[in-house]
Amino acid sequence: MVLVHEWGHFIVAKSFGVRVDIFSIGFGTRLWGWKRGDTDYRISALPLGGYVKMAGDNPLEDRKGDPNEFLSKPRWQRVLIALAGPGMNILLSIILVAGIYMKGSKQPAFLDRPMVLAGVLQDSSAQKAGLAAGDHVIKVGGVSDPTWDRAQLELMSTLPGHSISLVVDRNGQEFSTSVTASASIEDVFGYTNDRLLISAVSPGTPAELSGLQAGDEVLKVNGIALANGAEFPPIVEKSQSQPLDLEILRGDRTLHLTVRPAQVNVGSGAPRWQIGVMRTGELVDRRLSFGSAIVESIGMNALMGRQIAFVVVELFRGHMSLKQLEGPLGIAKESGRAARQGLSELLSLMAMIGVNLAVLNLLPIPPLDGGHILMLFIEGTMRRDLSVRIKERFVTVSMVFLLLVFAIVMYNDVLRLIPHH
């Protein structure tokens, strides 16, 4: 993803006649590479990013004023060169996600259904909004006759804590209400009829000790049939340490298993009662045509971009902690996990990282691309260059800020590798 980002800068700079001296993956000491034309293509010692060194791109260094120097080019060309890196990341992310949609993947079967509620969770946003079992949501935001998939997109594009307007049909009578957005579609809209399938069982947990296996379908809990898997976690939480009788469908056999929940510290808030499974509903294969895949991919990348921008804003407002960010070690760990789960999961992670690179590089902080664009905008407004002294202070303060953030993120990465964290 870094390679693609830097290639964007490189190719647009070359197209405007800027001489590129170095194209490096990594920082620091040159380990290996080759020189072709004016450019030294290299791999450097610190694998924490990359850079393109253009002739005359540093206002603090002496320049010859040659026409092939970066600072000799018109400001609009320099802005396009700065935008090219994030732009290439976004373009590649759109291609990757579109490819996933075209290849096809397992998707929840209920996503293509109309929004008819089988129930709502206790104390959820849906219940507080007055929604109940049997309701038919006929409008979400400005979208009429929404499917669950469309409602999920509306939820993803709404900032947490903000409201989503609904129009609901209850026994032929329509009424309007609004729900507060959160991370869970079941919390916001309620749930539809669906199966409860066990997708994974964690080693050493009550679920494994009871004999539960991936692929099992939970039909009943303590003799009560479940309309949706969303009903299961509240039942487990309410039972605390009391045993639960599960009626299981395994292949063509029906089994009864007894499982006793255990209290688990999930890392935030009070400990929760869990049995140690990952659940899913009924899944179907979903494959899109090229045109539909591109449209869906653009929408999905826009949503990812909005979510990343929201996180950045909340960090600066102090509503989120830097402890929630992950650095190179976290990315390496997630890359390994995604690769083990399959190509689609790995490509999805690559797309997310690409959008992260694009959005974060557009922050107005030198030496990020957004910082260069900001200074060019200020100079364009003033119709003269800023003094070298002002630029130097701007860059110094920004670099100290970025290094502090990087140090905190790396510290948190290391802490996560320690078992008790």
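Hey, could you check the stretch 179-194 for residues that are open to solvent by less than 60 Å² (accessible area, probe 1.4 Å) and assigned to a strand (DSSP E or B) and say which is nearest to F110 (Cα to Cα)? Top of the filtered list is Y191. Close contacts from the stretch 146-162, counting a first residue that is without any contact (Cβ under 8 Å) to a residue 24 or more places away in the chain and a second that is β-branched (V, I, T) and in a strand (DSSP E or B), with Cβ to Cβ under 6 Å and a gap of 6+ residues or different chains, come to R150/V143; E154/V140; T158/I164. When we screen G172, G141 for residues that are more than 23 Å from R195 (Cβ to Cβ), at pLDDT below 95 and open to solvent by less than 30 Å² (accessible area, probe 1.4 Å), the only hit is G141.
Per this entry, D194 is counted among residues that are in contact with a Phe, Trp or Tyr (Cβ under 9 Å, 6 or more places away or on another chain) and of a type outside the set (S, T, N, Q).
Inside the stretch 80-99, residues that are under 23 Å from L343 (Cα atoms), open to solvent by 20 Å² or more (accessible area, probe 1.4 Å) and among the hydrophobic types (A, V, I, L, M, F, W, C) make up a count of 7. Taken over the stretch 113-126, residues that are open to solvent by 70 Å² or more (accessible area, probe 1.4 Å) and within 20 Å of P234 (Cβ to Cβ) amount to 2. Can you pull out the residues in the stretch 28-68 that are touching a residue at least 12 places away in the same chain (Cβ under 8 Å), touching a Lys or Arg at 6+ places or on another chain (Cβ under 6 Å) and not aliphatic (A, V, I, L, M)? Across the stretch 28-68, the qualifying residues are R30, D38, R42, S44, G56, P59, N68. Sub-6 Å Cβ pairs linking a first residue in the stretch 170-188 that is under 16 Å from H136 (Cβ atoms) and in contact (Cβ under 8 Å) with a residue 12 or more places away in the chain to a second residue that is in a loop (DSSP other than H, G, I, E, B) and aliphatic (A, V, I, L, M), at least 6 apart or interchain, are T177/A129; V179/A129, ordered by first then second residue. Residues in the stretch 292-311 that are over 17 Å from A183 (Cβ atoms), open to solvent by less than 20 Å² (accessible area, probe 1.4 Å) and among the hydrophobic types (A, V, I, L, M, F, W, C): A293 only.
Is it true that V355 is of a type outside the set (S, T, Y), touching a Gly at 6+ places or on another chain (Cβ under 8 Å) and open to solvent by less than 40 Å² (accessible area, probe 1.4 Å)? Spelling it out, V355 is indeed of a type outside the set (S, T, Y), touching a Gly at 6+ places or on another chain (Cβ under 8 Å) and open to solvent by less than 40 Å² (accessible area, probe 1.4 Å). Among the conditions (1) surrounded by fewer than 17 Cβ atoms within 10 Å (Cβ to Cβ); (2) part of a loop (DSSP other than H, G, I, E, B); (3) without any contact (Cβ under 8 Å) to a residue 40 or more places away in the chain, the only one that W76 does not satisfy is (2). How about the stretch 26-50: which of its residues are open to solvent by 60 Å² or more (accessible area, probe 1.4 Å) and not hydrophobic (A, V, I, L, M, F, W, C)? Within the stretch 26-50, T29, R30, K35, R36, G37, D38, P47 qualify.
Checking R384, R389 one by one, the residue that is in a loop (DSSP other than H, G, I, E, B) and surrounded by fewer than 17 Cβ atoms within 10 Å (Cβ to Cβ) is R384 and no other.
Being out of contact with any His (no Cβ under 9 Å at 6 or more places or on another chain), on the phi > 0 side of the Ramachandran plot and not β-branched (V, I, T) is a property that G370 lacks.
Under the condition of being part of a helix (DSSP H, G or I), among the β-branched types (V, I, T) and open to solvent by 40 Å² or more (accessible area, probe 1.4 Å), the residues counted in the stretch 8-25 number 1.
Among the residues of the stretch 228-279, those identified as outside any loop (DSSP other than H, G, I, E, B) and of a type in the set (D, E, K, R) are E231, E237, K238, D245, E247, R250, R253, R272, R279. E345 fulfils the conditions (1) open to solvent by 60 Å² or more (accessible area, probe 1.4 Å); (2) within 25 Å of A407 (Cβ to Cβ); (3) among the charged types (D, E, K, R) except for a single criterion, (2). Only one entry of S93, S44, S15, S105 meets the criterion of being in contact with a Phe, Trp or Tyr (Cβ under 8 Å, 6 or more places away or on another chain) and among the polar types (S, T, N, Q), and that entry is S44.
Scanning the stretch 31-55 for residues that are farther than 24 Å from D66 by Cβ and hydrophobic (A, V, I, L, M, F, W, C) turns up L31, W32, W34, I43, A45, L46, L48.
The values are calculated or read from the model by the stated rules, or taken from the named source; none is laboratory data. None of the values given here were measured: they were computed from a predicted structure. Don't worry about glycine lacking a Cβ; one is built from the backbone with ideal geometry, like all the others, and counts go over all protein chains shown. Just the protein is used for accessible areas: all its heavy atoms, side chains included, with ligands, DNA and RNA removed. Shrake-Rupley method; radii C 1.70, N 1.55, O 1.52, S 1.80 Å.
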